[in-house]
Amino acid sequence: MSSATQAYGANIAFIEELYEKYRMNPDSVSPSWREFFAEYVEPQDEEEKETAAPPPLTQSSAPSPQPSATVPAPAPVPAPEPKPAAKPQAGTPVALRGAASKIVQNMEASLSVPTATSVRNIPVKVLEENRRVINNHLALGGQSKASFTHIVAWAIVKSLKDHPRMNAAFTMQDGTPTRLDREDVNIGLAIDIERKDGSRSLLVPNIKRAQTLDFAQFLKAYNDVVRKARNNTLEIADFEGTSISLTNPGTIGTIASVPRLMQTQGAILATGQIDYPAEYSAADPAILADLGISKVMTMTSTYDHRIIQGAESGAFLARVHELLIGADAFYDDIYRDLRIPYEPVRWAKDRHRLALGD
């Protein structure tokens, strides 16, 4: 795999598109992109160099040695019967070029990473109620709302303090398999961009040194990255150094997802749709409330199995679970950072009136 694809992963398609604009008109991109492209080598160019045919061997002018005895020629082998040409599949062929071609390269390259996946269902009643309070407070100050993903991403950042191995990466140094432990959490955020022609692309910029921020700063940094992605103003620095990623296909109704893990990262997290379990989809809301049934969210952790084992990934998801239901003053700290003058909603076991003898 080319060094550019290895370094920038899923973002290489976006970079290649900007590179085409740069080749047509260097002034069409920002100064930082011009500086980057001045020494940029296209991934395809590197692959062509690696697969180029070697030069033909120079024949020696020395006479060929003569055999010492006459060897009878072997009997001719009949040529195999030609196989019938495969019938083309029905449908309209569409060549994948440009960004689509780069996605193909990325996905094929990701197959070289041996991964495994942990899955956990997390109740979100406490998350949902505290998010409602948070957004009411933000609205009073004229600020944009906090999504579920904002808070889940923050729980991931906080959980890495207890499970730093999830922030590591695999590399080869001098031919030796090596785990690269990283202190800084540069969390990548998968952002789906729909273009004017209806096509879609995935960008994964990151928030730098997220472990050094409080929640108010993290919220601002998160929104800045999303705004830049929507406005097509991301810079090369926004893609560099991603250590762990979060994707949220739950926004389009996906229950659970196992995304591909790109090289240079140790893990990618995915969140599913927030809803009641499917068996309660037709239940009366009053009955659900009376029974204390919570909405749930399925979360997956796909990790590089060379440096992370299943127990570590499972324990990491358990820690995220604990924080999202309020462990270790998780919401208290968020309220403090946003200066919300209330107590957060607390997690508690349901106390049903029938169980109390009413």
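Within the stretch 136-173, take every residue that is farther than 17 Å from residue 126 by Cα and touching a Gly at 6+ places or on another chain (Cβ under 9 Å) and give me the one that is most open to solvent (accessible area, probe 1.4 Å).
Per the stated criteria, the residue is 165.
Could you tell me which numbered condition residue 192 fails, if it satisfies all but one of (1) surrounded by 13 or more Cβ atoms within 10 Å (Cβ to Cβ); (2) touching a residue at least 12 places away in the same chain (Cβ under 8 Å)?
Result: residue 192 fails condition (2) only.
Listed here are the residues, each with its yes/no results for (1) among the aliphatic types (A, V, I, L, M); (2) free of Cβ contacts under 8 Å to residues at least 12 places away in the same chain; (3) closer than 14 Å to residue 211 by Cα.
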| residue | (1), (2), (3) |
| --- | --- |
| 124 | yes, no, no |
| 132 | no, yes, no |
| 136 | no, yes, no |
| 142 | no, yes, no |
| 146 | yes, no, no |
| 149 | no, no, no |
| 158 | no, no, yes |
| 163 | no, no, yes |
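Is it fair to say residue 279 is assigned to a helix (DSSP H, G or I), more than 23 Å from residue 337 (Cβ to Cβ) and open to solvent by 60 Å² or more (accessible area, probe 1.4 Å)?
So residue 279 fits the description; yes.
Please go through (1) on the phi < 0 side of the Ramachandran plot; (2) open to solvent by 60 Å² or more (accessible area, probe 1.4 Å) for residue 209 and return the number of the only condition it doesn't satisfy.
In the conditions (1) on the phi < 0 side of the Ramachandran plot; (2) open to solvent by 60 Å² or more (accessible area, probe 1.4 Å), residue 209 misses (1) alone.
Kindly evaluate residue 241 against the criterion of being surrounded by fewer than 22 Cβ atoms within 10 Å (Cβ to Cβ), touching a residue at least 12 places away in the same chain (Cβ under 8 Å) and not hydroxyl-bearing (Ser, Thr, Tyr).
Spelling it out, residue 241 is indeed surrounded by fewer than 22 Cβ atoms within 10 Å (Cβ to Cβ), touching a residue at least 12 places away in the same chain (Cβ under 8 Å) and not hydroxyl-bearing (Ser, Thr, Tyr).
Can you spot a residue in the stretch 327-343 that is in contact with a His (Cβ under 8 Å, 6 or more places away or on another chain), of a type in the set (Val, Ile, Thr), farther than 29 Å from residue 192 by Cβ and buried (at least 16 other Cβ atoms within 10 Å of the Cβ)?
Yes, the stretch 327-343 has at least one match.
Of all strands (runs of 3 or more DSSP E) completely enclosed by the stretch 147-253, which ones contain at least 2 residues that are under 14 Å from the mean Cα position of the chain (by Cα)?
187-189, 191-194, 200-203, 244-247
What's the total number of residues in the stretch 285-314 that are β-branched (Val, Ile, Thr), open to solvent by less than 50 Å² (accessible area, probe 1.4 Å) and within 24 Å of residue 124 (Cβ to Cβ)?
5
I need the full set of residues from the stretch 261-276 which are under 21 Å from residue 320 (Cβ atoms) and open to solvent by 30 Å² or more (accessible area, probe 1.4 Å), in order please.
Matches in the stretch 261-276: 273, 274, 275, 276.
So the check is Cβ under 9 Å with 6+ separation or different chains; which pairs have a first residue in the stretch 266-289 that's modelled with pLDDT under 90 and a second one that's open to solvent by 20 Å² or more (accessible area, probe 1.4 Å) and of a type in the set (Ser, Thr, Tyr)?
287/280; 288/276; 288/280; 288/294
The values are calculated or read from the model by the stated rules, or taken from the named source; none is laboratory data. Just so you know, these numbers come straight off a predicted model, no measurement behind them. Neighbour counts are summed over all protein chains in view; Cβ atoms, including those assigned to glycine, are modelled from backbone coordinates with ideal geometry. Heads up: the accessible areas ignore ligands, DNA and RNA and are worked out on the full protein's heavy atoms, side chains in. Shrake-Rupley method; radii C 1.70, N 1.55, O 1.52, S 1.80 Å.
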